[in-house]
Amino acid sequence: MEYNFREIEQKWRESWKANKVYKVDNPLVSAPLKPKFYVLDMFPYPSGAGLHVGHPLGYIASDIYSRYKRLKGFNVLHPMGFDSFGLPAEQYAIETGQHPATTTEKNIATFKAQLNKIGFCYDWEREVRTSDASYYKWTQWLFLQLFNSYFCNTQKKARPITELIKKYEREGSKDFTATSWHGYTKKEQQEILMKRRLAFSAYGEVNWCEALGTVLANDEVVNGLSERGGHPVIKKKMRQWYLKITAYADRLLEGLERVEFSESMKEMQRNWIGKSEGAEMEFRLTPNPYSAEATPLTPGRGVEAIKVYTTRPDTIFGVDFIVLAPEHELVAKITTPTQKKQVDEYLAYVKSRSDRERMAEVKQITGCFTGAYAENPFDGKQIPVWIAEYVLAGYGTGAIMAVPCGDQRDFAFAKHFKIPITNIIGEHYNGEEANPTKDATLQNSGFLDGFLMKDAISVAINRIEELGIGKRKVNFRMRDAGFSRQRYWGEPFPIIWEDGVAVPLNENELPLELPFVEKYGPGPEGEGPLANIEEWVEKRRETSTMPGYAGSSWYFLRYMDPQNNDNFCDRTASDYWNQVDVYIGGTEHAVGHLLYSRMWTKVMYDLNLIGFDEPFKRLVNQGMIQGSSRFVYRVFCMAEDELNNKLESTFIVSETYVGWNNSNVFDKNDRLGLEVGKKIDQLYPGKKYKVNTIAVTKLHVDVNIVDGVELDIAAFKKWKPEFINTEFILEDGKYICGVETEKMSKSKYNTVNPDDLVDKFGADTFRMYEMFLGPVEQSKPWDTKGIEGVYRFLRKLWRLFFDEVKGKVWTDEKPTDAELKVLHKTIKKIESDTEQFSFNTAVSAFMISVNELSDLKCNKKEILEQVLILLVPYAPHIAEELWHQLGNQGTILDAAYPVLEEKYLVETSKEYPVSINGKLRTTINMDVNTLQPEAEKLVLENEVVQKWLEGKAPRKIIFVKGKMINVVI
RNA sequence: ACCCGGGUGGUGGAACUGGUAGACACGCAGGACUUAAAAUCCUGUUCGCAGUAAUGCGAGUGACGGUUCAAUUCCGUUCCCGGGUACCA
């Protein structure tokens, strides 16, 4: 009986489905039968291209882990769904006129079919789709919870906005009294409240992308271009929704301490949040001491000091100038008449520069003196005030104190504008470049003289606070998250605008369904497509929709209770399933999705909707599978005969002649030139000619018609009609393609479809091979070569059970010690590898075990059965089949996981080669536990070994390359 | 520039808290079975030198140096590759 994977896999796919083997129940919290375990994949966006071999990498890993945990006795939740709102479907709709709902539906069907072929253990009854009204009803509901909450700065958590209203009514705030609160109009009150809401609306500069007709989040803009499509992005003022994620900055940082994310992942989040501690302090403006010119600082204008933010208050005596951002509001007020012209010119210049230019030309030093001076509060030194692009309006106070000897940017600026530099760190500053050290001892620094810089920081802040000119201050780089998109294919906001006031819908009006539209283009003035619908506008509904991360910020909760129509997720369900124990996905979501879902979780926790405040306990990042592209090199050559007639030829030449990194034009005397000559000779026999041009172009060729690097020429000719008459120049009868690693994509013809591999080798082979490629976390180019090895392994496993001639070969005999040893070695290795997500080494371990069992001609049912149980997570179909062949019922997933018995692993004695001083060479048998030699006589010179022979047992004996190096007694 | 990863045979990759580097697999070479092919099985495969051979000797984990009886592993310097951030004061 042969290993017929097609038959077996289909049989079990159907059986598992029919018997609902993967159905997961929510037991009562009061009486959970089994401990729970939650394994989650980042759900995919169902793109039109379908799955390629890169997608399932993480899914296979999570599937293995889920099955393993189930075998270990856990009630495992391992669901799958679709992040089905998003821009690509809408773009596609604009291009083709097909409704996003239709294409999305179709794409999901393709995805599911592909996923099912690989044999994942999802409970499809728990599937969620963010674009289903039954799902986004709750996204909208959660938005309303955010809208109706504020961040209480004393309790450091979200509270209902009603509590804030009560407080305002009772005692007002630091900006107004209770009486004046009652005096405000409803609209004024709402405007005040709006600023405190966790989901709030405000006018703000947004990243407006003309080409896409939409607003993008900061993390969707890369170098001033849209992440998708690379279109230019400009700043535009618009009314926008935001989430007050900045309020959670501290808790988001603190929470990182309690989760198992990779260090680099945590680091990325920390950088994004960008917490910096320092001080805000004021520099009083003074009349220009070097000019008789009247100061613009006339009393009563309220312009007396510039507030700067610094993380290095210890360098206060090294301040040589102050720099304001060009957009700073004080610029107009402090500029002196003599400098006005220059400043205006500079401001015009800054305005003319796009974000992109500004970012691209960071090195360029620009700036302008305002004519104003400020006074160092500690030594009264007069400090010129400049404006410069390198200071950003949006961070800190938009103004800095510049310390050229300690900050490279300030240093470059000072040098460029010839501003004298004060040295406060003595020999640590060499005049050539700034030294940002904190370990120098301060000099020329008044009351800070003699302090180590890092100690001086708090001393300086204390003094600043004492003098009342500033205070300790923490700043964050992170901004509030833009939450509206001028798009169609997203969740509509459950908001109506009444006279400029945002009024939420009632809960019973949810879901607010996304209306059908004919046109997907933007509405008037950059509004979303919904603004094109008369009825929608008449009802004064919000016309923008929510961004992609809205639905994905909480989907892990919906899986726990997916069909609930009365609640987003019943509390009993979320209490039971609790945190996601293992979350698997790519690093690309480090600062987007992961940060948002962590914030939402914290809000829900604060509002007592769920009982935990970090969604993901452990995060495993799967690497990206890149494509390995193949190229052919098309040569075009043109020659001329003696009568100046053109002779042309086009053909394809093997890479041996043309390195892909070579230039495109070749000398006619090189090897390629000779080949070209031969071609011309063939085409124009007997002519004398002169080669003019040889040009080579590189073409992507479908990796599926290339075996390794050798092109299947017949398949190539059939591939596209224009290639049918292609001529080749071959090397040893073969065409060798060029190779490059690129992102996997259809247009590069380097995608490999998992379906093809499953058809050819079976899902089990495919799963194991994906794992065998290398560590899950690692990115690597896909290479199908090698899958044969895994396939051979499974067939070899099969042959332990079935002989081609004899059929069943297993027996009920008692296993031998050698066989038990193999089994338990395998149990130990597989268990620890699986636990650590080291699936590649686990696959190797299976191969070793099967080889060993095969060498031992092991046919003991007892052994084989246990091996199968170890194997189910990796190769579920074949394991299930063979387990049933052994006469078992039900599903192997309910079998008892093999128990490791160390006693079978203990080696009693081992043979060690010994040579001392290069002379004596022998082998001795030693008891592994005591390391006592069994050999009776050994003539040894080594003193330590002598002692050992005298009866002192050594603790450790070290052999290197057969030589006894050291014996520790 | 800064912060994280990572450099190991022809290739993908192993190597536990320092202990015989190269597991496992691919590829390659040779052999067995076969009319032949496929499939399967066996042997070899880090490099260099010596030997008919078993084998022996030497070098070897990007480079240089250090600690150690012993370093892919720890420390320092440096080079290269990948990822993240980018005027954040």
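Look through A:528, A:551, A:490 and report the one residue that is modelled with pLDDT of 90 or more, in contact with a strand residue (DSSP E or B) (Cβ under 7 Å, 6 or more places away or on another chain) and crowded, with 22+ Cβ neighbours inside 10 Å.
On the way: A:528 fails: modelled with pLDDT of 90 or more; A:551 fails: in contact with a strand residue (DSSP E or B) (Cβ under 7 Å, 6 or more places away or on another chain).
After applying the criteria, what remains is A:490.
Would you confirm whether any residue within the range A:761-772 is touching a helix residue (DSSP H, G or I) at 6+ places or on another chain (Cβ under 7 Å), within 9 Å of RNA strand B (Cβ to nearest atom) and either under 30 Å from residue A:262 (Cα atoms) or at pLDDT below 90 (or both)?
Going residue by residue through the range A:761-772, those that are touching a helix residue (DSSP H, G or I) at 6+ places or on another chain (Cβ under 7 Å) are A:761-772.
Next, from what is left, pick out any that are within 9 Å of RNA strand B (Cβ to nearest atom): A:769, A:772.
Checking the rest, the ones that are also either under 30 Å from residue A:262 (Cα atoms) or at pLDDT below 90 (or both) come to A:769, A:772.
Scanning the range A:761-772 turns up at least one residue that is touching a helix residue (DSSP H, G or I) at 6+ places or on another chain (Cβ under 7 Å), within 9 Å of RNA strand B (Cβ to nearest atom) and either under 30 Å from residue A:262 (Cα atoms) or at pLDDT below 90 (or both).
Restricting attention to the range A:228-263, and to residues there that are open to solvent by 40 Å² or more (accessible area, probe 1.4 Å), without any contact (Cβ under 8 Å) to a residue 60 or more places away in the chain and within 23 Å of the chain's Cα centre (by Cα), which single residue is nearest to residue A:156 (Cα to Cα)?
Selected residue: A:254.
Which of the residues that make up the range A:703-730 are part of a loop (DSSP other than H, G, I, E, B), away from RNA strand B (no atom under 16 Å from the Cβ) and closer than 27 Å to residue A:54 by Cβ? Full working, then the answer.
Of all residues in the range A:703-730, those part of a loop (DSSP other than H, G, I, E, B) come to A:708-709, A:712, A:720, A:724-727, A:730.
Narrowing further to those that are away from RNA strand B (no atom under 16 Å from the Cβ): A:720, A:724-727, A:730.
The answer is A:720, and nothing else.
Take the residues in the range A:437-449 that are in a helix (DSSP H, G or I) and among the hydrophobic types (A, V, I, L, M, F, W, C); name whichever of them is surrounded by the fewest Cβ atoms within 10 Å (Cβ to Cβ).
So in the range A:437-449, the residues in a helix (DSSP H, G or I) come out as A:446-448.
Next, only the ones that are among the hydrophobic types (A, V, I, L, M, F, W, C) stay: A:447-448.
On the way: A:447: 15, A:448: 25.
Going through the qualifying residues, I end up with A:447.
Which of the following residues is within 16 Å of RNA strand B (Cβ to nearest atom) and touching a Ser or Thr at 6+ places or on another chain (Cβ under 7 Å): A:875, A:845?
On the way: A:875 fails: touching a Ser or Thr at 6+ places or on another chain (Cβ under 7 Å).
Only one candidate passes the filter, namely A:845.
Grab the strands (runs of 3 or more DSSP E) fully contained in the range A:469-534, keeping just those with 3 or more residues being touching a residue at least 24 places away in the same chain (Cβ under 8 Å) and charged (D, E, K, R). Outline the logic, then answer.
On the way: elements: A:470-475, A:495-498, A:501-504.
Of the strands (runs of 3 or more DSSP E) lying wholly inside the range A:469-534, those with at least 3 residues that are touching a residue at least 24 places away in the same chain (Cβ under 8 Å) and charged (D, E, K, R) span A:470-475.
Conditions (1) of a type outside the set (S, T, N, Q); (2) modelled with pLDDT of 85 or more, marked per residue:
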site	(1), (2)
A:428	yes, no
A:431	yes, no
A:443	no, yes
A:452	yes, yes
A:455	yes, yes
A:462	no, yes
A:465	yes, yes
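Residue-by-condition table, conditions (1) more than 30 Å from residue A:25 (Cβ to Cβ); (2) open to solvent by less than 20 Å² (accessible area, probe 1.4 Å); (3) in contact (Cβ under 8 Å) with a residue 24 or more places away in the chain:
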residue	(1), (2), (3)
A:121	no, yes, yes
A:129	no, no, yes
A:133	no, no, yes
A:145	no, no, yes
A:155	yes, no, no
A:158	yes, yes, yes
A:204	yes, yes, yes
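Can you say whether residue A:703 is open to solvent by less than 70 Å² (accessible area, probe 1.4 Å) and either modelled with pLDDT of 80 or more or under 31 Å from the mean Cα position of the chain (by Cα) (or both), as far as the supplied structure shows? Even if it seems obvious, please write down each step before you answer.
Values: open to solvent by less than 70 Å² (accessible area, probe 1.4 Å): yes; either modelled with pLDDT of 80 or more or under 31 Å from the mean Cα position of the chain (by Cα) (or both): yes.
Against the criterion (open to solvent by less than 70 Å² (accessible area, probe 1.4 Å) and either modelled with pLDDT of 80 or more or under 31 Å from the mean Cα position of the chain (by Cα) (or both)), residue A:703 qualifies.
A quick yes/no check of all residues on (1) surrounded by fewer than 19 Cβ atoms within 10 Å (Cβ to Cβ); (2) in contact with a Phe, Trp or Tyr (Cβ under 8 Å, 6 or more places away or on another chain); (3) within 15 Å of residue A:635 (Cα to Cα):
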residue: A:687; (1), (2), (3): yes, no, no
residue: A:696; (1), (2), (3): no, yes, yes
residue: A:717; (1), (2), (3): yes, yes, no
residue: A:742; (1), (2), (3): yes, no, no
residue: A:753; (1), (2), (3): yes, no, no
residue: A:759; (1), (2), (3): yes, no, no
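When you go through A:434, A:456, A:460, A:374 one by one, which is the residue that is closer than 30 Å to residue A:344 by Cβ, within 16 Å of RNA strand B (Cβ to nearest atom) and either part of a strand (DSSP E or B) or of a type in the set (A, V, I, L, M, F, W, C) (or both)?
Values: A:434 fails: closer than 30 Å to residue A:344 by Cβ; A:456 fails: closer than 30 Å to residue A:344 by Cβ; A:460 fails: closer than 30 Å to residue A:344 by Cβ.
The unique qualifying residue is A:374.
Could you tell me whether the range A:348-355 includes any residue that is open to solvent by less than 20 Å² (accessible area, probe 1.4 Å), closer than 30 Å to residue A:466 by Cβ and within 16 Å of RNA strand B (Cβ to nearest atom)? Don't jump to the end; show me each part of the working.
Let us first name the residues in the range A:348-355 that are open to solvent by less than 20 Å² (accessible area, probe 1.4 Å), namely A:350.
Filter once more, so that each one left must be closer than 30 Å to residue A:466 by Cβ: none.
The answer is no, given that none of the residues of the range A:348-355 is open to solvent by less than 20 Å² (accessible area, probe 1.4 Å), closer than 30 Å to residue A:466 by Cβ and within 16 Å of RNA strand B (Cβ to nearest atom).
What is the one condition in (1) modelled with pLDDT of 80 or more; (2) touching a Ser or Thr at 6+ places or on another chain (Cβ under 6 Å) that residue A:233 does not satisfy?
It fails just one condition, (1).
If I filter the range A:108-117 for residues that are part of a helix (DSSP H, G or I), open to solvent by 30 Å² or more (accessible area, probe 1.4 Å), more than 26 Å from residue A:25 (Cα to Cα) and in contact with a Ser or Thr (Cβ under 8 Å, 6 or more places away or on another chain), do I get at least one hit? Let's see the steps before the verdict.
So the first thing to find is which residues in the range A:108-117 are part of a helix (DSSP H, G or I), and the list is A:108-117.
Those still in the list that are open to solvent by 30 Å² or more (accessible area, probe 1.4 Å) too: A:109-110, A:112-113, A:116-117.
Right, trim to more than 26 Å from residue A:25 (Cα to Cα) and you get A:110.
So of that shortlist, the ones also in contact with a Ser or Thr (Cβ under 8 Å, 6 or more places away or on another chain) come out as none.
No, the range A:108-117 contains no residue that is part of a helix (DSSP H, G or I), open to solvent by 30 Å² or more (accessible area, probe 1.4 Å), more than 26 Å from residue A:25 (Cα to Cα) and in contact with a Ser or Thr (Cβ under 8 Å, 6 or more places away or on another chain).
Would you mind finding the one in A:60, A:94, A:64 that is outside any loop (DSSP other than H, G, I, E, B), open to solvent by 20 Å² or more (accessible area, probe 1.4 Å) and in contact (Cβ under 8 Å) with a residue 60 or more places away in the chain?
On the way: A:60 fails: open to solvent by 20 Å² or more (accessible area, probe 1.4 Å); A:64 fails: open to solvent by 20 Å² or more (accessible area, probe 1.4 Å).
The conditions single out A:94.
Are there any pairs with C-beta distances below 7 angstrom linking a residue in the range A:842-856 that is farther than 12 Å from residue A:768 by Cβ to a residue that is near RNA strand B (Cβ under 7 Å from one of its atoms) and small (Gly, Ala, Ser), with the two at least 6 apart or on different chains, and if so which?
none
Which of the following residues is among the small types (Gly, Ala, Ser), over 22 Å from residue A:550 (Cβ atoms), modelled with pLDDT of 90 or more and open to solvent by 30 Å² or more (accessible area, probe 1.4 Å): A:18, A:31? Working first, answer last.
On the way: A:31 fails: modelled with pLDDT of 90 or more.
Exactly one of A:18, A:31 is among the small types (Gly, Ala, Ser), over 22 Å from residue A:550 (Cβ atoms), modelled with pLDDT of 90 or more and open to solvent by 30 Å² or more (accessible area, probe 1.4 Å), namely A:18.
From the list A:491, A:509, pick out the single residue that is under 35 Å from the mean Cα position of the chain (by Cα) and away from RNA strand B (no atom under 16 Å from the Cβ). Spell out the reasoning first.
Values: A:509 fails: under 35 Å from the mean Cα position of the chain (by Cα).
Every option except A:491 fails the conditions.
Give just the number: which of (1) buried (at least 23 other Cβ atoms within 10 Å of the Cβ); (2) away from RNA strand B (no atom under 12 Å from the Cβ) does residue A:403 not satisfy?
(2)
Going by the structure shown, is residue A:452 farther than 20 Å from residue A:309 by Cβ, open to solvent by less than 40 Å² (accessible area, probe 1.4 Å) and of a type outside the set (Val, Ile, Thr)? First the steps, then the outcome.
On the way: farther than 20 Å from residue A:309 by Cβ: yes; open to solvent by less than 40 Å² (accessible area, probe 1.4 Å): no; of a type outside the set (Val, Ile, Thr): yes.
For residue A:452, the condition - farther than 20 Å from residue A:309 by Cβ, open to solvent by less than 40 Å² (accessible area, probe 1.4 Å) and of a type outside the set (Val, Ile, Thr) - is not met.
I'm trying to understand the selection: among the residues of the range A:870-898, which are of a type in the set (Val, Ile, Thr) and open to solvent by 10 Å² or more (accessible area, probe 1.4 Å)? Steps first, answer last, please.
Restricting attention to the range A:870-898, the residues satisfying the condition of being of a type in the set (Val, Ile, Thr) are A:872, A:878, A:891-892.
Listed by number, the list holds a single entry, A:891.
When you check residue A:667 against the structure, is it charged (D, E, K, R) and modelled with pLDDT under 70, yes or no?
Working: charged (D, E, K, R): yes; modelled with pLDDT under 70: yes.
Here the answer is yes, as residue A:667 does meet what is asked.
The values are calculated or read from the model by the stated rules, or taken from the named source; none is laboratory data. Note that the structure is a prediction, hence the values are computed from the model and not measured. Cβ atoms come from the backbone with ideal geometry, glycine included; neighbour counts cover every protein chain shown. Areas reflect the complete protein model, heavy atoms only, side chains present, ligands, DNA and RNA absent. Shrake-Rupley method; radii C 1.70, N 1.55, O 1.52, S 1.80 Å.
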